[in-house]
């Protein structure tokens, strides 16, 4: 078990570099998922390792990484897994318990959905795994979850696959008390935080929580 946090940069959209920079901790291990490495370099940082088929990594960035002695784990272009899945395999097998995935949204809808679906892997559901793009955060809840933000932030709760039973929330404008949400209904969309924390507890099912930061007018 590794106590430091693995921070993975995927090749999606990353909003607000300053917000992302403020989230990074000095002991974090930065990992580039192929082309997502450019986000790390744009922050003026270097990854500990880059993993993928390297088809989305520019020659210039590859030269920078090589000259800096960054470890590169290259896979064939013809493969059965996305670069992000390969990175998640690596961090799970290495023993990280806390994982932050950045820039996993935006661009292609199929990639965004598949990236979210990766978090439902049984081995990842046992860990502390969050996805973030600078404005939105997503994570799955099996029993209970905590959202940290500010009053006015949006929180959406989406049942994943099947109904989620016995949902009880705290710190949200429209509370749920032992209720059920269904995947073909929209009742869990766009709730609102009343303060800096919101709690969600469920009895059964798998719940996707999407937290969107409020932008002051």
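Kindly indicate the residue of region 75-108 that is surrounded by fewer than 18 Cβ atoms within 10 Å (Cβ to Cβ) and on the phi > 0 side of the Ramachandran plot and also modelled with the lowest pLDDT among those meeting that condition.
Ranking the qualifying residues of region 75-108, first place goes to 107.
Out of region 47-63, which residues are surrounded by fewer than 14 Cβ atoms within 10 Å (Cβ to Cβ) and more than 15 Å from residue 11 (Cβ to Cβ)? Talk me through it step by step, then tell me what you get.
We begin by selecting, within region 47-63, every residue surrounded by fewer than 14 Cβ atoms within 10 Å (Cβ to Cβ); these are 55, 58-60, 63.
Selection gives 59, 60, 63.
Kindly check whether there is at least one residue in region 172-182 that is closer than 25 Å to residue 112 by Cα and either out of contact with any helix residue (DSSP H, G or I) (no Cβ under 8 Å at 6 or more places or on another chain) or outside the structural domain of residue 113 (by TED's automatic domain parsing) (or both). Please lay out each step first, then the result.
We begin by selecting, within region 172-182, every residue closer than 25 Å to residue 112 by Cα; these are 181-182.
From the residues that got through so far, the ones that are either out of contact with any helix residue (DSSP H, G or I) (no Cβ under 8 Å at 6 or more places or on another chain) or outside the structural domain of residue 113 (by TED's automatic domain parsing) (or both) too are 181-182.
Yes, there is a match, as at least one residue in region 172-182 is closer than 25 Å to residue 112 by Cα and either out of contact with any helix residue (DSSP H, G or I) (no Cβ under 8 Å at 6 or more places or on another chain) or outside the structural domain of residue 113 (by TED's automatic domain parsing) (or both).
Results for (1) assigned to a loop (DSSP other than H, G, I, E, B); (2) farther than 15 Å from residue 31 by Cα; (3) in the same structural domain as residue 47 (by TED's automatic domain parsing), shown as yes or no for each residue.
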site: 77; (1), (2), (3): yes, yes, yes
site: 80; (1), (2), (3): yes, yes, yes
site: 89; (1), (2), (3): no, no, yes
site: 107; (1), (2), (3): yes, yes, yes
site: 112; (1), (2), (3): no, yes, yes
site: 116; (1), (2), (3): no, yes, yes
site: 120; (1), (2), (3): yes, yes, yes
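Which number in (1) within 20 Å of residue 128 (Cβ to Cβ); (2) at pLDDT below 95 marks the one condition that residue 157 misses?
Unmet for residue 157, out of (1) within 20 Å of residue 128 (Cβ to Cβ); (2) at pLDDT below 95: (2).
From the list 152, 166, pick out the single residue that is free of Cβ contacts under 8 Å to residues at least 60 places away in the same chain and surrounded by fewer than 15 Cβ atoms within 10 Å (Cβ to Cβ).
On the way: 152 fails: free of Cβ contacts under 8 Å to residues at least 60 places away in the same chain.
After applying the criteria, what remains is 166.
Taking region 26-43 as the search range and keeping residues that are part of a loop (DSSP other than H, G, I, E, B) and more than 22 Å from residue 93 (Cα to Cα), which one is modelled with the lowest pLDDT?
Initially, region 26-43 is screened for residues part of a loop (DSSP other than H, G, I, E, B), giving 26-28, 43.
This time we only want the ones that are more than 22 Å from residue 93 (Cα to Cα), so: 26, 43.
Working: 26: 90, 43: 93.
So the residue we want is 26.
State whether the residues of region 31-40 include one that is within 25 Å of residue 15 (Cβ to Cβ) and either out of contact with any strand residue (DSSP E or B) (no Cβ under 7 Å at 6 or more places or on another chain) or loosely packed, with under 14 Cβ neighbours inside 10 Å (or both). Show your work before the answer.
Filtering region 31-40 for residues within 25 Å of residue 15 (Cβ to Cβ) gives 31-40.
If we keep only those that are either out of contact with any strand residue (DSSP E or B) (no Cβ under 7 Å at 6 or more places or on another chain) or loosely packed, with under 14 Cβ neighbours inside 10 Å (or both) as well, we get 35, 38.
Yes, the conditions are met somewhere in region 31-40.
The values are calculated or read from the model by the stated rules, or taken from the named source; none is laboratory data. Just so it is clear, the structure is predicted and the values come from calculations on it, not from any experiment. Neighbour counts are summed over all protein chains in view; Cβ atoms, including those assigned to glycine, are modelled from backbone coordinates with ideal geometry.
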